[in-house]
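Some notes on the structure that comes next.
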Amino acid sequence: MVKRIIRFTWVVLMEINDLNSKLNRINLSKPYGMGLDEKNTFLLDIMQDLTTFHYENCSSYRNFSNLFQEFNIRPKSLDKIPFLPVRMFKQHDLVSVESDSIFKTLTSSGTSGQSVSRIHLDSETAKRQTKILSAITKNFIGEARLPMVIIDSDELTKDRTKLNARAAGILGYSLFGRNHFYCLDKNLDLLTDQLSEFLQKFNDRPILIFGFTFIVWQSLLQKVLERNIHLDFGKDSILIHGGGWKKLEDQKVD
């Protein structure tokens, strides 16, 4: 059985020179160790620095912020920070660093025929994301790297210079596994026999499973039910999933 199912969320921290000393206050061995009041105070301090930095270095963000009559470059509370509409990341390149500092560009999956969102990362931001992702994940699964089933096709991650949300998620979480097995072919069809062999090989230990929600539902669960097959993921295995659920809105999955 699958012991735990973990939904994941991403937070992007852009590069600010004086952020390092503040972020070093985070105890990565206890990512949930802060009390609520301490966390709110810490988060507001960080968000004030971020707001100031982006306002001074990104013209699109500055123009948008100036539309708010009560805007303050150092907001007094979290609810005073302008919330960016998602379409801004589709229609504008929101960049607060020099173009030659851009290390990687992430894109959304572009569901429903829409244009994709673009998130530009510098190397320092990418390093922070990796460290924080590692701390949060290990808090749930422990330090040991587990045999890993990736519910996707390996075709997705071959070009690492441009990654969409699915590919970035796969590469990020693959760090916590070993003996990686992509259980779908290039058409996202389930490789039933190969997956069964993999599960039998590692049936004496927990397995880490990762995939995007709609693919887990359509390409794994539904295929297993349609084909009336049994797959034993062993004892205390862990499924981490997230993203892409709106693709299933027409199915009204609760």
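The values are calculated or read from the model by the stated rules, or taken from the named source; none is laboratory data. Nothing here was measured: the structure is a model prediction, and the numbers come from that model. When we count neighbours, we look across all protein chains shown, and the Cβ atoms used for this are built from the backbone with ideal geometry, even at glycine. Areas reflect the complete protein model, heavy atoms only, side chains present, ligands, DNA and RNA absent. Shrake-Rupley method; radii C 1.70, N 1.55, O 1.52, S 1.80 Å.
Residue by residue, here is whether (1) more than 30 Å from I238 (Cβ to Cβ); (2) of a type in the set (A, V, I, L, M) holds:
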residue: L43; (1), (2): no, yes
residue: N57; (1), (2): yes, no
residue: Y61; (1), (2): yes, no
residue: F83; (1), (2): yes, no
residue: V97; (1), (2): yes, yes
residue: K104; (1), (2): no, no
residue: S117; (1), (2): no, no
residue: R128; (1), (2): no, no
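Inspect all residues belonging to the stretch 135-148 and state whether any of them is touching a Cys at 6+ places or on another chain (Cβ under 8 Å), over 18 Å from V86 (Cα atoms) and modelled with pLDDT of 85 or more.
Within the stretch 135-148, the subset touching a Cys at 6+ places or on another chain (Cβ under 8 Å) is none.
No: the stretch 135-148 contains no residue that is touching a Cys at 6+ places or on another chain (Cβ under 8 Å), over 18 Å from V86 (Cα atoms) and modelled with pLDDT of 85 or more.
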Can you tell me which residues in the stretch 79-94 are part of a helix (DSSP H, G or I) and open to solvent by 60 Å² or more (accessible area, probe 1.4 Å)? D79, K80, R87, Q91
Which of (1) closer than 16 Å to M148 by Cα; (2) aromatic (F, W, Y); (3) under 20 Å from the mean Cα position of the chain (by Cα) is the odd one out, the single condition F214 does not satisfy? (1)
Can you tell me which residue in the stretch 49-73 is most open to solvent (accessible area, probe 1.4 Å), limited to those that are assigned to a loop (DSSP other than H, G, I, E, B) and touching a Ser or Thr at 6+ places or on another chain (Cβ under 6 Å)? I73
Name every residue in the stretch 136-181 that is open to solvent by 50 Å² or more (accessible area, probe 1.4 Å) and part of a strand (DSSP E or B), in order of residue number. K162, R178, N179, H180
Identify, please: which residue in the stretch 95-132 is open to solvent by less than 40 Å² (accessible area, probe 1.4 Å) and in a helix (DSSP H, G or I) and is, among those, modelled with the lowest pLDDT? T111
Within the stretch 175-203, can you find the residues that are in contact with a strand residue (DSSP E or B) (Cβ under 8 Å, 6 or more places away or on another chain), on the phi < 0 side of the Ramachandran plot and of a type in the set (S, T, N, Q)? Q194
For the stretch 204-226, how many residues are of a type in the set (D, E, K, R) and either at positive phi or in contact with a strand residue (DSSP E or B) (Cβ under 8 Å, 6 or more places away or on another chain) (or both)? 2
I'd like the full set of residues that are surrounded by 19 or more Cβ atoms within 10 Å (Cβ to Cβ), part of a loop (DSSP other than H, G, I, E, B) and modelled with pLDDT of 90 or more, limited to the stretch 213-252. F233
Output the residues belonging to the stretch 182-205 that are open to solvent by less than 100 Å² (accessible area, probe 1.4 Å), part of a helix (DSSP H, G or I) and more than 21 Å from L156 (Cα to Cα). S196, L199
